[in-house]
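> Please read through the structure below; I'll follow up with questions.
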Amino acid sequence: MLLLDLTLPSAEANLALDEALLEQAEASGRPQECLRLWEPAGPLVVIGRSSLAEQEVDEAACRRRGAPIFRRTSGGAAIVAAPGCLMYAVVLSLELRPQLRSIDEAHRFVLGKLVEAIRPLAPEVERRGTSDLAMGDRKFSGNSLRVKREHLLYHGTLLYDFPLELIETCLRTPPRQPEYRARRSHLDFVTNLPVGAAALRRAIVGAWAADEPLENWPRQLTERLVAEKYSEREWNYRR
């Protein structure tokens, strides 16, 4: 699998690059799979494709904490990212892996890979709910996906040295909660993996056997998506 370990200078560009990798794979006319890793330079909030910012985010608190709000191309609820949160994205071929056309199977497959990667470092890790990873009953990873005709994008967060109070400050109580959350507050529900950044990166890369650098990543498409979408209030705050 191809590997792109790349953090771009702006939050907009980093979000756009995930989508650009999916679109590049779709346009290639052949199966193309890659793993991307990145980590934010500062705090940001990212809401799901169909989310409403005012329902899920405390916008005034985000302004005070310098956390801009963006919308991603995949579904799910709002997340907060910042240094100490490793972001990953994997683009997978539906031609090579036709079983992933089932959303439940896509969650099972990708999260199973992540559990396999992280358990040697943190044995309590398991999948919880639809698309969470947790240690016991405390979540450290939220994930979502976008499916196209021939490829899917699956991406998410891995908290390892994250200021957890940011989640309590910036996010409202989510409109949908997994049963295992049991109506707990953000601070009572989330946790950090007891794993360093370098070890976590090595584990994820190894699980996907991502040993070939992606040299020709979609620079121009990323720039276009930033200009036309991710930097536009109409996209980030649409109703």
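None of the figures in this text is laboratory data; all of them are computed from the coordinates on show. Source: prediction; values computed, not measured. All Cβ positions, even for glycine, are placed from backbone atoms using ideal geometry, and neighbour counts span all protein chains on display.
> In whole angstrom, and with the biggest value first, how far do the Cα coordinates of segment 13-86 range along each principal axis?
Each principal axis gives a Cα extent; for segment 13-86 these are 45, 26, 16 Å.
> Just add up the charged neighbours of residue 65: K/R +1, D/E -1, any other residue whose Cβ is under 12 Å from the Cβ of residue 65.
On the way: positive: 63, 64; negative: 58, 59, 165, 168.
Once all neighbours under 12 Å are counted, the net charge is -2.
> Quick one: work out the % antiparallel among DSSP beta bridges in the chain, nearest 5.
Values: 31 of 41 bridges.
So the antiparallel bridges amount to about 75 percent of the total.
> Hey, any idea what Rg/Rh is for the chain, computing Rh the Kirkwood way over Cα pairs? Kindly include the intermediate steps, with their values, before the conclusion.
On the way: Rg = 16.7 Å, Rh = 17.9 Å.
Rg/Rh: 0.93.
> Separate question: In debye, nearest 20, what is the charge dipole magnitude of segment 2-236 about its Cα centre with +1 on Lys and Arg Cβ and -1 on Asp and Glu Cβ, if you could check? Before the final figure, lay out the partial values.
Values: 31 positive and 33 negative charges, 81 e Å.
Result for segment 2-236 is approximately 380 debye, rounded to the nearest 20.
> Moving on. Per DSSP H run of at least 4 residues, take -39500 (n - 2.57); add these up for the chain, divide by its residues and hand me the 222 nm value, nearest 500 deg cm²/dmol. Numbers along the way, then the final one.
Working: 9 runs with 76 residues, N = 239.
Rounded to the nearest 500, it is -8500 deg cm²/dmol.
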